[in-house]
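Note sheet for the following structure.
Derivation of every value follows stated rules applied to the coordinates shown; laboratory data play no part. Given the structure is predicted, the values throughout are model-derived calculations rather than measurements. Note that each Cβ is placed from the backbone with ideal geometry, even for glycine, and that neighbours are counted across all protein chains shown.
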Amino acid sequence: MITKKGRAGTYKRMKGGFSAFIPAKLPPNPPIQYDNVLRDLLSRADRAIARLDGVLGVLPNPELFVAMFVKKEAVLSSQIEGTQASLQGVLEFEANLIPSEDIKEIKEVVRYVEAIDKGMKMLKTLGRFTIDLIKELHYTLIKGTRGSSKSPGNFRTSQNWIGTPGIGIKNATFVPPPPERVPELMKQLIDFIEGDEEIPPLIKAGLIHVQFESIHPFLDGNGRLGRMLITLFLYKENILNYPILYLSYYLKKNKCKYYNSLMKVRNKGDWEQWLKFFLKGVIETAEQSTASAKRIIALKEEIEKRLSENKVFSVYALDLLKLLFEIPIIHTGDIRKRLGISRETANQLIKLFNRLGIVKPIPGKKRYIRYVFEDYINIIKEGVD
């Protein structure tokens with residue numbers, strides 16, 4: 001019989017009358033037990049990711065699809081932490097419109113997008129995870145946001161805890177390890193990430209996420225960064241050709257179960273129940289993303305058919321359609337600059353797209369009117385707002 005007590009770590013009594021959790025080194029000891037349910041979920045998750053990667057390969061511009069999904073993930077991951085920004089608000093901000101939402105909250109989402117982009121670039125350059133990479137991601141994530149005063153890019157030097165505001169550390173839901181243990185624990189985590197243990201990558205991603213959240217190395221942004229690491233790890237391991245698998249919608253929808261599952265690992269050493277929950281999320285998320293990609297392909301084909309039926313064969317019209325998948329809220333200045341055409345041609349194109357119902361004008365300014373590619377945005381933001 002497997003003894004699970006202390007398998008994920010132990011609680012240590014600290015000065016001040018509270019107990020802090022000290023995570024054990026990964027991989028778990030005793031090792032993960034693969035029953036029939038866990039094996040089946042792992043197999044289904046692998047197939048779901050393969051299908052997602054396959055459908056991305058036939059998208060007209062997969063990078064643009066990925067960029068929009070990163071924005072969606074940024075919104076959802078931030079919403080888990082209480083940020084109220086919407087995808088529409090972020091797109092309006094990027095289009096230089098004045099959003100109706102709190103600009104500070106929108107900036108938190110924008111920083112998340114920047115951090116994902118930086119992570120991919122650094123992984124391509126370094127080829128591996130490092131402590132400096134993690135710190136750089138954190139700095140990018142919270143610089144210029146409400147967390148700016150909480151040592152961006154630096155491991156915490158004070159004790160933090162998780163719980164209802166005002167209850168105090170003694171009544172906290174969870175107390176991570178003391179600050180002096182953080183550098184050592186993070187080094188152990190990096191060693192595990194870069195280790196050569198024969199562990200399926202999806203299982204390893206699930207272990208990494210819990211360990212990072214248990215260490216809680218920063219004063220702010222741990223949840224967002226911990227979720228980001230799942231995708232960046234799978235991208236780095238070439239499980240994903242594009243960084244497209246984002247679990248925040250699943251975790252937001254199952255928020256209580258998510259937090260309870262993390263605590264079952266810490267308190268009971270039950271890694272297996274967490275991994276089953278995690279893999280279900282991978283399957284659900286991959287299938288939803290695959291469905292969205294297929295809907296985008298169908299949307300593009302339907303619009304191309306509409307253009308053809310209306311005898312619109314201009315190469316500029318097709319170029320504008322491609323541009324709309326990159327900039328779904330657009331004005332004629334964008335079109336003119338990006339397509340290298342005259343103001344008159346840009347105006348004619350956008351009016352044509354408006355007449356055919358491809359875009360709609362955003363009410364408000366009479367000058368510098370923005371047009372929105374609403375059908376595309378609706379596919380992307382499903383489940384967000």
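Quickly rank 159-171, 34-46, 245-257 as a protection proxy: mean count of other C-beta atoms within 10 Å, highest first. It would help to have the intermediate numbers written out before the result.
On the way: 159-171: 12.5, 34-46: 14.7, 245-257: 18.5.
Descending mean neighbour count gives 245-257, 34-46, 159-171.
May I ask which of Lys71/Lys305; Lys12/Lys150; Lys12/Lys170 have a Cα-Cα span longer than 18 Å here? Please list the in-between numbers first.
Values: Lys71/Lys305 29 Å; Lys12/Lys150 26 Å; Lys12/Lys170 13 Å.
From Lys71/Lys305; Lys12/Lys150; Lys12/Lys170, over 18 Å: Lys71/Lys305; Lys12/Lys150.
Can you quote the Å³ per residue value for the convex hull of the Cα atoms in the stretch 267-385, rounded to an integer? Spell out each step's value before the answer.
Values: hull volume 16.9 nm³, N = 119.
So the per-residue Cα hull volume is 142 Å³.
Apply the a/c threshold of 1.5 to the C-alpha gyration tensor of the stretch 19-91 and tell me whether it is rounded, prolate or oblate.
Details: a/c = 3.19, a/b = 1.30, b/c = 2.45.
Oblate is the answer for the stretch 19-91, as a/c is 1.5 or above yet b/c matches or exceeds a/b.
May I ask you to derive the relative contact order of the chain, considering only C-alpha pairs under 8 Å and at least 6 residues apart, and to give it as an integer percent?
Reported relative contact order: 22 percent.
Any idea what angle helix 36-56 forms with the longest principal axis of the chain, computed on alpha-carbon atoms, 0 to 90 degrees, nearest 10?
30 degrees
Under a plain spin-label model, where a point goes 7 Å from the Cα along Cα-to-Cβ, how far apart in nm are Val315 and Met14?
According to this spin-label approximation, the distance is 6.4 nm.
So what is the 222 nm mean residue ellipticity for the chain from helices alone, if each DSSP H run of at least 4 adds -39500 (n - 2.57) and you divide by all residues, rounding to the nearest 500 deg cm²/dmol? Don't skip to the answer; put the middle values down first.
Details: 15 runs with 225 residues, N = 385.
Taken over the chain, the calculation gives -19000 deg cm²/dmol.
Mind pulling the angle between the C-alpha long axis of helix 201-215 and the longest principal axis of the chain? Nearest 10 degrees, somewhere in 0 to 90.
Roughly 70 degrees between the two axes.
Just to confirm my numbers, what's the Cα centroid distance between the stretch 222-299 and the stretch 87-117 in Å?
Each part reduced to its Cα centre gives a spacing of 23 Å.
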